[in-house]
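Working notes, structure below.
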Amino acid sequence: MKGAIRANPGGIIAPENVIGRDRLIADTWDRLEQQSIILNAERRMGKTTIIKKMQAEAKQETLPIYRDLENIKSSIEFVETVWQDVEEYLSTKGRTTKKVKDFLRNFQGVEFQGFKIPQIVATHWKILLTKTIEDLLENQERQVIFFWDEVPYMLDNMSEKQPEEAMELLDTLRKLRQTYPNVRMAFTGSIGLHHIVKKLQQQGYSNDPTNDMYPIDIPPLSLNHGTDLAVRLIRGENIQTDNITNIAEEIANAVGCIPFYIHHLVNDLRFKNVVNQDVVTEAIQDSLINPQNPWKMEHYRDRIHNYYEQEQHKYALNILDILATESYLSFDELWNRLALDSASQNQETARDVLRLLLKDYYLIQQGKTYGFRYQIVKSYWELLRT
Amino acid sequence: MNNNFLSSFTPSLMSSQTLEAIFVQRHKIVEHLIELVRDSSNSKNKHFRLLIGMRGIGKTHTIALIYHRLKQQNGHLTHLGKPQVACPHELQDKLLIAWLKEEEWGVSSWLDLLLSIFKALAIEYPAEYNTQFKSQIENLYQLSADDATRQAETILKDFIGKKTLLLLTENLDEIFNSLGESGQKQFRAYLQNHNLITIIATSQSLFSGVSDRDSPFYGFFTPEYLAKLTREEATNLLTKIAELQKDKELETFIQSPIGKDRIQAIHHLAGGNHRVYIIFSQFLTRQSLDELVQPVMQTLDELTPYYQAKMQWLSPQQRKIIELLCDCGNAITVKEIAQRCFITHQTASSQLKDLRAKGYVTAESFGRESFYELQEPLMRICLEVKKQRGEPIKLFIDFLRIWYTEKELQQRLEMLPLDCLEREYIYHALKSKEEFLTGNLEVGSLDNNLIYRGIEEGIAENNQKALELFEQAIKKNSNDYDAWYCRGRTLYKLGKVEEAIASFDKAIEINTNDYYVWYCRGFTLYQLDKLEEALASYDKAIQINSDLFFSAYFNRIELLLKLNRWEEGFKDLDNALNRFADAEEFDEEYTEGYIKIIWESTTDFTIWKSRLETLVSIYNKHQIVSVLTIGVINHIPILMSDIVSNKAARNWLETWQSISGDKVEFAIALRFLKTAVEYKESKGSRKILLQLPKEERELLEELLAEKSNK
C-alpha cells in the first residue's frame, strides 16, 4: 500500500521512510553552510536516522561522509578510520590520498600499501589527519561534511586510558574546522558531549572545543507529522481501526509525537483485533508502567537517584512532581510551590537542579517558564507519582 | 535420523517437517518476523527483534522454523497438505543467513563473534566460503587481535556484498555479557556503518544490554515476548505430537475428559513450558496411576539435568534464592528471602525482579507485600528429588494421584445427583441401541422406534421431546415395559421425581425382575429422603443380580450409614470391599459420600473420631488409604459453606489430625484441610493459600471455588 511503512522501533530506518524531518533537515543544511553543528537530543530521538537521511539525500555540491565512531578507542584508530573513508571515496574517482602515502613512505622508507596505518606512526596522528583532509580537499571540489556519529562514546573510550589524547583530538578537530572552511563536521552522540568535556575538565582540560559548532536540538515531530507517521505504520502493519486518522492522532499525541515511541506503540497494537481509543489508552498505560516494557521509563525516576547529588534528590522530585500536574510555570511560581516542602528550602539549589533537569532532557524552557520537554515523560511521571 | 524425531532439548536437530507439524500458538509472530526479514532484504530498513521467554518455552523452535521457512527457495511450500506462509523465494539473491546456535561458548569479543558468524556462513554456504573466504579467514590467525578484527570486518562486508545478512542469534544476553561494553560498541558501530545486517535474537529476559539507557544497544531491539502455553494450546501441541507420531491412542485420549484432565494436571506442573509437555506426552495415556509412576520417575530423572542447567545460568546469589524457594515450597515474602539469604532487602528485590523477568519466579502482591515462588513446580520437585534422595517422590506421586483422580471425580460430582443416573441410563440406552442395531432387540414395530428415538432425544438432552415420544409409545401399548421405564428416567431428569417413581412402579408391575429399574427406583427414593423404601429397592436390585450390580452395594452402604445403622454399614463396607476387591470402580465418589454422612451425623468431636477411625481402619485393611485421603480433600468445599461455623470446621480438622496426623499418606490431605480451615477462619485471605506449593494451591483454589455448588 502506498505510504505504508513497517513498524521498526529502534532499528535502522530507510531514508525514504523517515517522516516529518524535512524542515529540520533543511534548516540543518542551511546551518551547515555557515558552520559545523552538534545534533543534541535524548537517546532514541532519531539523531542517527536524521544524519543518515541527510547523507543519502545530500545535494550535488556537498560530499557527506558518515561514520559511527563508538568503537574507536584511540586517536590513531580515529585517523585510520577517517583516512579509510577518504581513501575509499577517492578510489572511486581513480584518485588516492597521495599526501598521506608520501608521508608514510618517507617515514617508513618503503612504499605504503594496504589499509592499515602502521603503529610506528601512531604518535604522528595529527599530521596524518591533516594530510588526509588535505588529500580529500585537493582531489574534489565539493564541501565536505563529516557526519560523525557517537563522538562522545569515542572520546569516552579514549579518556579512560589517555584523557590527554581525547583533549588533543577535540582541539585538533577544532583547528581543522578553522583551517579548512570547506570542511564541516556534524557530531551526534547517545551521551551529551558536555558530559565528556566536563569529565575532561575535571582532569585539567580548560578549552571549550566545540564553541564554534552550532547546537541543534531534535524536537519531537509536529502533531501532523506524528499522525502521518502513525497512519503509515498502521497501514504497514495492516492494523484494523475504527477510524485510522483519529487513532493515529491519538497515538501520536499520547507519546508526544516521538517517532521511536510511535513505532513502538503501533508495533504493540499489531495483533489486536480492531484498535479503538480504549485499546490505545490501555497499551500506553501498560507501556508506561510495566517494568517488562522496553520503554524503560523508570530510567527517568532512577536517574535522579543515580546521577544527582543526595541533597538534590528532593528538589528534582518536587520540581517534576509539581510540573507533572501543570502546563508551564515560571521560576517564581515553581519556587512558591517548592518552598512548601521543608526538604526543598534553598533557592539556589532549586535553580541548580532546574538547570540540570533542562540539560538532562526532563524539562524545557519556554520564555520564562518551565515544563516537561516530552509529553510521554510527563505522562509517565503523572502516572507514577501523582 | 527419523524424520519425525522429537527432541525435547535441542529443537534445532528436528527436521523442518517436524518443527512445522508440532508448531502451535506462534504462527502470527513467525509470519511477521519473516515479513520483517523480507523488508530488511528489500530495502534499507533493518529490523532487530528479540524473542524473549524462559528456557523451554520454544525460542529455539521458533528460530529453527524461521530458518527453515526462509531456506525454502522454491515458491510456495506445502506441508501436510496445508498451505504454508508465502515463501520468500524472491530473497534468494538478497539474503544470507547465519545461525548462531545456543552454545556459542567461544564468544568473548567482537572478533570471536565475527569468527562465529564465519563458521555459521561456512556451514550454510560451503562453496562460496571455501573458494573465496576460507584462506582469508585462516590468515586472520596470523594477525594481532585488533588487526584481525578490522580485517574480519572487511571480509564479512565483502562476503555479504549487496545482500543482507540475517543473524539468527540465540542467547543474545549471554553473547552481550561476553562482549562487554567495548565489544557491544564495536558490534553496533558495524551495524550502523554498513547497514548490511538484520537480527532475530533470543534471550530469557529483557536484559540490561538492550534495556539500560546507558547501554550502546539501548532500544535497538524490539522485544517479542513469547507467551506461555494456555491449556488449549497445550492440548493442541499434544494433538499435533500424536498426529506426527501417528499415535491414534494418544490422539483420541487427548480429546477424552480424562485426557483433558491429565493435560490440566501437567499444565499446572509445567507452568506453560513447551518442553515439559513434549516430555510428558510420552505417557499421558497410561491407564492407571501405577503405570504412570515409573515413567514419571524416569522423566523427573531426565528433567533434573535440565533444571540443574537452568540453575547454572544464574548468578550465585540468584541460585541461593531459587534454592530457598525450592526448600520452602510455598510462596514467601521478600523480607523472608532477604533474611534467609543474608542479603539486604534491596538486593533481594532487585534479584527477584531479574528472576521474574527471566521466568524463574512469579510474584503475588498484597498491598505493599509481595510473595514470590517458583514459576515451574516441576523445577522444585526435580531439584528436591536430587537433594533428598527420593523422599519427595512419594509425595509427588500422591499429588499426581489427587490430580488424576480428583478431576475425574469433579466431573462426576457435577453430574450428581441427577446425571449420575443419566450416565447409567445412557450406558443402558446405548446397549439397547447396539442390540437394536444388531437385530438382537425385538424390533419391527413403531413402538420400538419411538423408544429408540426417545433415547436419542434424551441423549441430546431434549428431555421434553423424549418424554413425549415415550408417552406416545405407552399410548400405543400401555404394557410396554421399556416405555414406562424410559419415561421414569426422563421424568427424573425433568425433576418430576414423584412422577418418576410412579412410572418405575408401573414398569415393575409389568416386569418385576429387572434389577435396573429397582436400582433406579431406589436412587430416586433416596433423593426424596425416603431412606427405608430406597433401601428396600436396593435390596431387591441386589437380590435379582448379586454378582453384577456393583453400584447398588456401595449406594446401599451409604443408606445404612445415613439411617444410623453404623455397625451394619461398616460391616457391609468391609464385606463389599472383600467381594469387589478388584473392582476399579470403587473410588472417591463413594468415599466422599461416606465422609459426608459422618460429617452430617453429629457435631460431637468424639463421635466423629470413633466413626472416622473405623473408616480409616477399613480402608487401611484393604490398602486403599489413598482413596480415603482424596475423599478428605474433596469434602473441603462442604466445610467452606457459609452455614458451617469456623468452630465446626476446626473441630473436623483436629479430628482428622488426631487420627492421622502422624501418617505420611495423609500429609497432603491434611495440609489441604488445614489450609482450607485457616482460609475460612481468615475470611478468605489469599495470603493463607500461599502456604501451599503452587500446584497444590491451584487445586485447592478450585475446590474452594466449588463451595457454592455444594
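The set of residues in the stretch A:344-373 that are aromatic (Phe, Trp, Tyr) and modelled with pLDDT of 90 or more comprises A:Tyr362, A:Tyr370, A:Phe372.
Residues in the stretch A:247-260 include none that are open to solvent by less than 10 Å² (accessible area, probe 1.4 Å), within 14 Å of another protein chain (Cβ to nearest Cβ) and in a helix (DSSP H, G or I).
The number of residues in the stretch B:172-203 being open to solvent by less than 10 Å² (accessible area, probe 1.4 Å) and in a loop (DSSP other than H, G, I, E, B) comes to 0. Find all pairs meeting these conditions: Cβ atoms under 7 angstrom apart; at least six residues apart or on different chains; first residue within the stretch B:332-345 and over 14 Å from B:Ser365 (Cβ atoms); second residue hydroxyl-bearing (Ser, Thr, Tyr). Short answer, once both residue conditions are applied: B:Ile337/B:Tyr372; B:Ala338/B:Thr344.
Scanning the stretch B:209-222 for residues that are farther than 17 Å from A:Asn71 by Cβ, facing chain A (nearest Cβ under 7 Å) and not in a strand (DSSP E or B) yields B:Ser211, B:Arg213, B:Gly219, B:Phe221.
For the stretch A:31-64, how many residues are over 19 Å from A:Tyr261 (Cβ atoms), β-branched (Val, Ile, Thr) and within 14 Å of chain B (Cβ to nearest Cβ)? The number of residues fulfilling the criteria is 1.
Looking for something farther than 30 Å from A:Asp30 by Cα and within 14 Å of chain B (Cβ to nearest Cβ) - is there at least one such residue anywhere in the stretch A:95-104? Scanning the stretch A:95-104, I find no residue that is farther than 30 Å from A:Asp30 by Cα and within 14 Å of chain B (Cβ to nearest Cβ), so the answer is no.
When you scan the stretch A:307-326, do you find a residue that is open to solvent by 50 Å² or more (accessible area, probe 1.4 Å) and within 14 Å of chain B (Cβ to nearest Cβ), even just one?
Step one: filter the stretch A:307-326 for residues open to solvent by 50 Å² or more (accessible area, probe 1.4 Å), giving A:307, A:309-311, A:314, A:325-326.
Still in the list and also within 14 Å of chain B (Cβ to nearest Cβ): A:307.
The answer is yes, given that some residue of the stretch A:307-326 is open to solvent by 50 Å² or more (accessible area, probe 1.4 Å) and within 14 Å of chain B (Cβ to nearest Cβ).
A quick yes/no check of all residues on (1) without any contact (Cβ under 8 Å) to a residue 60 or more places away in the chain; (2) in contact with a Pro (Cβ under 9 Å, 6 or more places away or on another chain); (3) under 23 Å from A:Leu155 (Cβ atoms):
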| site | (1), (2), (3) |
| --- | --- |
| A:Ile25 | yes, no, no |
| A:Leu32 | no, no, yes |
| A:Ile50 | no, no, yes |
| A:Ile72 | no, no, yes |
| A:Ile76 | yes, no, yes |
| A:Glu80 | yes, no, yes |
| A:Gln84 | yes, no, yes |
| A:Lys98 | yes, no, no |
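Filtering A:Ala14, A:Ala7, A:Ala56 for residues that are in contact (Cβ under 8 Å) with a residue 12 or more places away in the chain and surrounded by 16 or more Cβ atoms within 10 Å (Cβ to Cβ) leaves a single hit, A:Ala7. Of B:Cys341, B:Cys326, all but one fail to be farther than 17 Å from B:Leu692 by Cβ and of a type outside the set (S, T, N, Q); the exception is B:Cys341. Only one of the numbered conditions (1) closer than 22 Å to B:Ser43 by Cβ; (2) within 9 Å of another protein chain (Cβ to nearest Cβ); (3) within 34 Å of the chain's Cα centre (by Cα) is violated by B:Tyr225, and that is (1).
Looking only at the stretch B:677-691, which residues are assigned to a loop (DSSP other than H, G, I, E, B) and within 24 Å of the chain's Cα centre (by Cα)?
Step one: list which residues in the stretch B:677-691 are assigned to a loop (DSSP other than H, G, I, E, B), which gives B:682-685, B:690-691.
The answer is B:Leu690, B:Gln691.
Output the number of residues of the stretch B:40-60 satisfying the condition of being assigned to a helix (DSSP H, G or I) and either surrounded by 22 or more Cβ atoms within 10 Å (Cβ to Cβ) or within 8 Å of chain A (Cβ to nearest Cβ) (or both). Spell out how you get there, then give the answer.
Initially, the stretch B:40-60 is screened for residues assigned to a helix (DSSP H, G or I), giving B:40-42, B:59-60.
Pick out the ones that are also either surrounded by 22 or more Cβ atoms within 10 Å (Cβ to Cβ) or within 8 Å of chain A (Cβ to nearest Cβ) (or both) and you get B:40-41, B:59-60.
Going through the stretch B:40-60 one residue at a time, the tally reaches 4.
Please work out if B:Lys674 is within 30 Å of the chain's Cα centre (by Cα), within 25 Å of B:Thr362 (Cβ to Cβ) and modelled with pLDDT under 85. Spelling it out, it is not the case that B:Lys674 is within 30 Å of the chain's Cα centre (by Cα), within 25 Å of B:Thr362 (Cβ to Cβ) and modelled with pLDDT under 85. The residues of the stretch A:265-281 that are in a helix (DSSP H, G or I), more than 27 Å from the chain's Cα centre (by Cα) and surrounded by 13 or more Cβ atoms within 10 Å (Cβ to Cβ), listed by number, are A:Gln277, A:Val279, A:Val280. Checking each residue in the stretch A:266-281 for being within 12 Å of chain B (Cβ to nearest Cβ) and among the β-branched types (Val, Ile, Thr) picks out only A:Val266. No other residue among B:Leu206, B:Leu166, B:Leu143 is more than 9 Å from every other protein chain (Cβ to nearest Cβ), assigned to a loop (DSSP other than H, G, I, E, B) and of a type outside the set (Phe, Trp, Tyr) apart from B:Leu143.
Among the residues making up the stretch A:282-294, those that are under 24 Å from the mean Cα position of the chain (by Cα) and within 11 Å of another protein chain (Cβ to nearest Cβ) are A:Asn293, A:Pro294.
Under the condition of being touching a residue at least 60 places away in the same chain (Cβ under 8 Å) and out of contact with any strand residue (DSSP E or B) (no Cβ under 9 Å at 6 or more places or on another chain), which residue from the stretch B:108-152 is most open to solvent (accessible area, probe 1.4 Å)? Before the answer, list the steps.
Step one: list which residues in the stretch B:108-152 are touching a residue at least 60 places away in the same chain (Cβ under 8 Å), which gives B:108-110, B:112-113.
If we keep only those that are out of contact with any strand residue (DSSP E or B) (no Cβ under 9 Å at 6 or more places or on another chain) as well, we get B:108-110, B:112.
On the way: B:Ser108: 75, B:Ser109: 39, B:Trp110: 3, B:Asp112: 38 Å².
Looking at the filtered set, the residue picked out is B:Ser108.
In summary, B:Tyr372 fulfils each of the numbered conditions (1) buried (at least 19 other Cβ atoms within 10 Å of the Cβ); (2) in a strand (DSSP E or B); (3) in contact (Cβ under 8 Å) with a residue 60 or more places away in the chain with the single exception of condition (3).
Taking helices (runs of 4 or more DSSP H) as the structural unit, those lying wholly within the stretch B:464-583 and holding at least 1 residues that are touching a Phe, Trp or Tyr at 6+ places or on another chain (Cβ under 7 Å), open to solvent by 20 Å² or more (accessible area, probe 1.4 Å) and not hydroxyl-bearing (Ser, Thr, Tyr) correspond to B:481-493, B:497-510, B:515-527, B:531-544, B:550-562.
Out of all the residues in the stretch B:27-39, which are facing another protein chain (nearest Cβ under 8 Å) and open to solvent by less than 40 Å² (accessible area, probe 1.4 Å)? Break it down into steps so the answer makes sense when it comes.
Going residue by residue through the stretch B:27-39, those that are facing another protein chain (nearest Cβ under 8 Å) are B:28, B:32, B:35-36, B:39.
Selection gives B:His32, B:Leu36, B:Asp39.
Listed by position, the strands (runs of 3 or more DSSP E) inside the stretch A:128-219 whose residues that are surrounded by 15 or more Cβ atoms within 10 Å (Cβ to Cβ), of a type in the set (A, V, I, L, M, F, W, C) and in contact with a Lys or Arg (Cβ under 7 Å, 6 or more places away or on another chain) number at least 2 are A:143-149, A:183-188.
The values are calculated or read from the model by the stated rules, or taken from the named source; none is laboratory data. Everything numeric here is computed off the predicted structure, so don't read it as measured data. Note that we place each Cβ from the backbone using ideal geometry, even for glycine, and neighbour counts take in every protein chain shown. Quick note on the areas: whole protein, heavy atoms, side chains included, nothing else; ligands and nucleic acids left out. Shrake-Rupley method; radii C 1.70, N 1.55, O 1.52, S 1.80 Å.
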